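The values are calculated or read from the model by the stated rules, or taken from the named source; none is laboratory data. Small disclaimer: the values here were computed from a predicted structure and weren't measured. Neighbour counts are summed over all protein chains in view; Cβ atoms, including those assigned to glycine, are modelled from backbone coordinates with ideal geometry. Protein only, heavy atoms only, side chains kept; ligands, DNA and RNA dropped before computing areas. Shrake-Rupley method; radii C 1.70, N 1.55, O 1.52, S 1.80 Å.
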Amino acid sequence: MAVMTYREALNMALREEMRRDPGVFVIGEEVGLYEGAYKVTQGLLKEFGPQRIVDTPIAESGFTGVGIGAAMAGLRPVVEMMTFNFALLALDQIVNSAAKMYYMSGGQFNVPIVIRGPGGPAAQLAAQHSQSMETYFYHVPGLKVVRPTTPMDAKGLLKSAIRDDNPVIFIESETLYNVKGEVPEDPDFLIPLGKAIVRREGTDVTVIAYMGMMYRAMEAAEELEKEGISVELVDPRTLRPMDTETIIKSVRKTHRVVVVEAGAGFAGMGSEIAASVTEQAFDDLDAPVERVTGANAPMPYARNLEKLKTPSKDWIVAAVRRVCNANGS
Amino acid sequence: MAKTLTRSAASPSGFGVDAEAAKRLLSDMLLIRRFEEKAAEGYALGKIGGFLHLYIGEEAVAVGATSVLRPDDYAISAYREHGHCLAKGSDPKRVMAELYGRRDGLSKGKGGSMHLFDRSTNFLGGHAIVGAHLPIAVGVAFAIKYRGGDQVIVCYFGDGAVPEGEFHEAMNLAALWKLPVIFLCENNRYAMGTSVERALAQTEIWKFGQTYGIPAEKVDGMDVLAVRDAVGRAVARTREQKIPALIEVDTYRYRGHSMRDPAGAVYRTKEEVEREKLRDPIVLFRDKIITAGLLSEGDIRAVEKDMNDRIDEAVTFADASPEPPGEWLFTDIYKEA
Ligand SMILES: Cc1ncc(C[n+]2csc(CCOP(=O)(O)OP(=O)(O)O)c2C)c(N)n1
Ligand SMILES: [Mg+2]
């Protein structure tokens with residue numbers, strides 16, 4: 001184990017996978033000479049050269065399509081989106097080409113591509129640069145969607161994503177790149193896609209969260225502990241396929257659920273998890289599932305308004321108190 | 001970057017191919033023509049559903065281009081791709097079965113007319129979002145170069161893709177990175193009902209090559225030998241120098257945009273269609289072969305019969321192939337490790 005930042009963990013994953021498999025290459029805007037808009041690819045050009053660390057002009061749809069074609073021809077591209085906001089320009093390539101190729105071709109052409117970069121709320125970047133993008137992708141059969149919360153997850157999940165034979169959307173976070181944590185240096189360390197993790201054991205309520213929201217949920221759990229409320233924290237890590245088994249198991253133990261997500265709540269991850277819990281564990285619930293979500297508004301610039309947009313620790317604490325006070329059995 | 005920008009007039013001098021090769025070109029065109037006629041019948045009978053876009057009138061393009069490719073070269077196309085797929089060597093039985101939505105189809109009945117793929121011939125689809133497969137073709141060329149191979153990819157697309165951003169992104173990236181892709185624009189003068197004049201501020205599509213420094217030319221797409229010649233030169237240059245090419249092919253579709261636009265009379269005149277039929281690529285080539293004394297009328301009738309028989313077999317095969325089993329709805333979504 002070594003202590004390193006989330007950014008360094010991603011860099012390590014890329015480096016290890018590129019050393020392991022000559023078919024892995026990185027392509028995107030500013031990934032080479034500039035060493036990444038967020039420095040995730042720092043040092044890679046030097047080690048692997050311009051054939052494998054490919055700087056592109058600003059053409060998201062074009063270079064994502066290039067990645068898809070290269071993947072169909074047997075390579076393993078890692079496409080960097082400078083931020084996921086710009087992935088919308090490549091949405092057709094991702095949804096109509098990458099996700100469906102294997103199906104449309106009757107199993108002849110799979111697309112082993114990773115599309116990665118930061119997404120989610122960032123500091124005062126306003127409506128076009130600060131938003132949760134996972135919703136656009138996890139609806140699509142054929143895509144896998146990963147949101148790694150910790151440096152360890154960032155490494156283990158990115159390595160699995162690169163080795164996966166399917167298109168994987170891997171959304172990091174600008175606000176987490178400097179977060180430090182323990183990371184195994186073993187180049188064979190992998191975290192399987194589709195497996196949730198219980199980050200904290202508890203008995204009274206299950207709180208489901210990922211990325212920045214998980215860190216706020218951890219703070220909320222500490223505070224609630226003092227009030228005698230024992231919170232279990234579940235991090236799905238992969239949003240599609242979703243590990244509902246781990247979630248349901250936790251619900252059967254605590255009988256109360258709060259889902260936290262940064263994005264606008266309408267038809268969000270919270271809705272999906274609430275539906276799954278209701279379908280599979282209705283009789284186990286002592287209170288209705290609570291959703292703590294970003295406000296149903298675009299992201300404002302002004303600092304005070306921005307605070308009103310994204311869930312805080314206090315919102316989570318309040319929601320947990322509500323479900324715990326609700327009288328069930 | 002590009003030094004040559006030519007606008008070749010018509011077919012090259014002399015015949016250029018021997019009797020054997022001429023017979024092959026003719027039979028491939030006849031096979032596609034017959035396939036498409038039978039597909040139209042299948043559609044009328046309700047055996048084929050959805051969108052069905054026929055290639056009738058454009059056969060010389062796929063056949064001329066494919067005739068200069070190696071089996072390990074790649075081809076990729078849009079949704080009017082039956083001809084490209086058959087020319088590349090797919091079994092007409094399995095192509096027809098795909099149109100019928102049956103389990104023996106190339107894509108197990110899951111793709112249909114617009115999504116033909118064949119790994120065994122390096123035919124990479126079958127793409128129905130206009131313009132989207134151009135960057136994908138560039139990616140395949142990227143992979144060829146990455147591995148140090150000497151294959152090329154031919155990317156067929158319509159005039160309708162030219163106003164799309166992806167055409168320009170793909171041309172730029174291919175030229176910037178010097179990749180072995182041949183962009184082959186089948187200019188049949190219409191994108192559904194929109195003529196090139198109503199879609200492009202600059203209607204000479206081959207000239208976009210100039211913008212990106214890509215060697216480009218325009219060729220008569222009703223002359224299979226002219227197509228063969230132009231694509232042959234482009235393939236040789238691309239294979240050798242690892243640079244892209246753009247070829248604009250002047251062609252025409254005799255049927256409507258799809259079976260839902262059978263007449264196509266609103267946006268073009270009957271006279272125009274009749275006039276274009278005078279340059280039917282199959283009729284022209286047949287006459288040429290006979291005049292040159294390469295094949296006799298009898299030989300040609302035998303070829304025709306042969307192709308008709310093969311397509312009849314394809315129809316019988318497709319009709320006999322079972323529907324895909326219900327479980328297949330959920331297979332081929334994710335590839336298991
Ligand atoms: C991105 C996109 N926009 C619109 C359509 C609908 N559409 C299908 S075919 C077509 C015309 C394309 O014409 P062209 O590229 O010239 O090919 P042709 O049909 O002439 O072979 C249109 C507009 C589509 N499939 N994809
Ligand atoms: Mg057209």
Segment A:309-326 residues that are closer than 14 Å to A:Arg256 by Cα, paired with ones that are in a loop (DSSP other than H, G, I, E, B) and β-branched (Val, Ile, Thr) (beta carbon under 7 Å, 6 or more apart):
A:Val320/A:Ile229; A:Cys324/A:Ile229
Residue identified as within 16 Å of ligand 1 (Cβ to nearest atom) and touching a residue at least 12 places away in the same chain (Cβ under 8 Å) among B:Ala62, B:Ala97
B:Ala62
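Quick grid of which residues meet (1) of a type in the set (Phe, Trp, Tyr); (2) within 29 Å of A:His139 (Cβ to Cβ); (3) in contact with a Phe, Trp or Tyr (Cβ under 7 Å, 6 or more places away or on another chain):
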residue: A:Val3; (1), (2), (3): no, no, no
residue: A:Asn11; (1), (2), (3): no, no, no
residue: A:Ile27; (1), (2), (3): no, yes, yes
residue: A:Glu35; (1), (2), (3): no, no, no
residue: A:Phe48; (1), (2), (3): yes, no, no
residue: A:Thr64; (1), (2), (3): no, yes, no
Only one of (1) within 20 Å of the chain's Cα centre (by Cα); (2) of a type in the set (Gly, Ala, Ser); (3) within 21 Å of A:Met133 (Cα to Cα) fails for A:Ala275. Which number is that?
(1)
Among the residues of segment A:31-50, which ones are under 22 Å from the mean Cα position of the chain (by Cα) and not hydroxyl-bearing (Ser, Thr, Tyr)?
A:Val31, A:Gly36, A:Ala37, A:Lys39, A:Val40, A:Gln42
Of the residues in segment B:194-214, those that are in a helix (DSSP H, G or I) and more than 17 Å from B:Ala174 (Cβ to Cβ) number 4
Is at least one residue of segment B:70-77 over 24 Å from B:Pro322 (Cα atoms), without any contact (Cβ under 8 Å) to a residue 24 or more places away in the chain and open to solvent by 10 Å² or more (accessible area, probe 1.4 Å)?
no
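Quick one: in segment B:163-200, which of the residues that are basic (Lys, Arg) and on the phi > 0 side of the Ramachandran plot is farthest from ligand 1 (Cβ to nearest atom)? Walk me through it before giving the result.
Within segment B:163-200, the first condition is being basic (Lys, Arg), and the residues that meet it are B:178, B:189, B:198.
Next, only the ones that are on the phi > 0 side of the Ramachandran plot stay: B:178, B:189.
On the way: B:Lys178: 26, B:Arg189: 8 Å.
The selected residue is B:Lys178.
Looking at B:Glu304, is it free of Cβ contacts under 8 Å to residues at least 24 places away in the same chain and out of contact with any Pro (no Cβ under 8 Å at 6 or more places or on another chain)? Working first, answer last.
On the way: free of Cβ contacts under 8 Å to residues at least 24 places away in the same chain: no; out of contact with any Pro (no Cβ under 8 Å at 6 or more places or on another chain): yes.
So B:Glu304 does not fit the description; no.
Within segment B:147-157, does at least one residue satisfy the condition of being within 10 Å of ligand 1 (Cβ to nearest atom), surrounded by 21 or more Cβ atoms within 10 Å (Cβ to Cβ) and among the aromatic types (Phe, Trp, Tyr)? Working first, answer last.
If we filter segment B:147-157 for residues that are within 10 Å of ligand 1 (Cβ to nearest atom), which is where we start, we get B:156-157.
Still in the running and surrounded by 21 or more Cβ atoms within 10 Å (Cβ to Cβ): B:156-157.
The next check asks that each one be among the aromatic types (Phe, Trp, Tyr); those that pass are B:156-157.
Yes, segment B:147-157 contains at least one residue that is within 10 Å of ligand 1 (Cβ to nearest atom), surrounded by 21 or more Cβ atoms within 10 Å (Cβ to Cβ) and among the aromatic types (Phe, Trp, Tyr).
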Taking segment B:134-166 as the region of interest, how many residues are touching a residue at least 40 places away in the same chain (Cβ under 8 Å), within 15 Å of ligand 2 (Cβ to nearest atom) and assigned to a helix (DSSP H, G or I)?
3
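Quickly run through segment B:312-336 and pick out the residues that are touching a helix residue (DSSP H, G or I) at 6+ places or on another chain (Cβ under 7 Å) and either under 16 Å from B:Arg24 (Cα atoms) or of a type outside the set (A, V, I, L, M) (or both).
The first filter runs over segment B:312-336 and keeps only residues touching a helix residue (DSSP H, G or I) at 6+ places or on another chain (Cβ under 7 Å), leaving B:313-315, B:317-318, B:321, B:332-333, B:335.
B:Glu313, B:Phe317, B:Ser321, B:Asp332, B:Lys335, listed by residue number.
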Residue that is in the same structural domain as A:Thr175 (by TED's automatic domain parsing), modelled with pLDDT under 95 and either within 30 Å of A:Leu305 (Cα to Cα) or crowded, with 24+ Cβ neighbours inside 10 Å (or both), where the choices are A:Ala70, A:Ala123
A:Ala123
Which count do you get for residues in segment A:24-67 that are farther than 25 Å from B:Pro180 by Cβ and crowded, with 23+ Cβ neighbours inside 10 Å?
3
Condition (residue is open to solvent by 10 Å² or more (accessible area, probe 1.4 Å), within 14 Å of chain B (Cβ to nearest Cβ), outside any loop (DSSP other than H, G, I, E, B) and not acidic (Asp, Glu)) applied to segment A:165-185: is it met by at least one residue?
no
Can you name every residue in segment B:293-337 that is surrounded by 13 or more Cβ atoms within 10 Å (Cβ to Cβ), away from chain A (no Cβ under 14 Å) and more than 17 Å from B:Asp28 (Cα to Cα)?
B:Val315, B:Phe317, B:Ala318, B:Asp319
Which one of these does B:Ala97 not meet: (1) within 12 Å of chain A (Cβ to nearest Cβ); (2) assigned to a loop (DSSP other than H, G, I, E, B); (3) within 22 Å of B:Met259 (Cα to Cα)?
(2)
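Can you give me the ranges of the helices (runs of 4 or more DSSP H) entirely in segment A:48-162 with at least 2 residues that are under 19 Å from B:Ile144 (Cβ atoms)? Steps first, answer last, please.
Values: elements: A:60-72, A:101-104, A:126-129, A:135-138.
Because the criterion is at least 2 residues that are under 19 Å from B:Ile144 (Cβ atoms), the helices (runs of 4 or more DSSP H) in segment A:48-162 that meet it are A:60-72.
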B:Phe142 vs. criteria within 14 Å of chain A (Cβ to nearest Cβ) and within 16 Å of ligand 1 (Cβ to nearest atom)
no
Please find, within segment B:213-231, the residue that is nearest to the chain's Cα centre (by Cα) out of those that are open to solvent by 20 Å² or more (accessible area, probe 1.4 Å) and within 18 Å of B:Phe157 (Cα to Cα).
B:Arg228
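Quick check, is B:Gly193 farther than 21 Å from B:Phe285 by Cβ, more than 16 Å from ligand 2 (Cβ to nearest atom) and not aliphatic (A, V, I, L, M)?
Working: farther than 21 Å from B:Phe285 by Cβ: yes; more than 16 Å from ligand 2 (Cβ to nearest atom): no; not aliphatic (A, V, I, L, M): yes.
So B:Gly193 does not fit the description; no.
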Can you spot a residue in segment B:170-193 that is surrounded by fewer than 21 Cβ atoms within 10 Å (Cβ to Cβ), within 9 Å of another protein chain (Cβ to nearest Cβ) and in a helix (DSSP H, G or I)?
yes
Scan segment A:282-299 for residues that are in a strand (DSSP E or B) and either in contact with a Leu (Cβ under 8 Å, 6 or more places away or on another chain) or farther than 12 Å from A:Gly263 by Cβ (or both) and report the count.
1
Can you tell me which residue in segment B:108-134 is farthest from the chain's Cα centre (by Cα), limited to those that are away from ligand 1 (no atom under 15 Å from the Cβ) and among the polar types (S, T, N, Q)?
B:Ser120
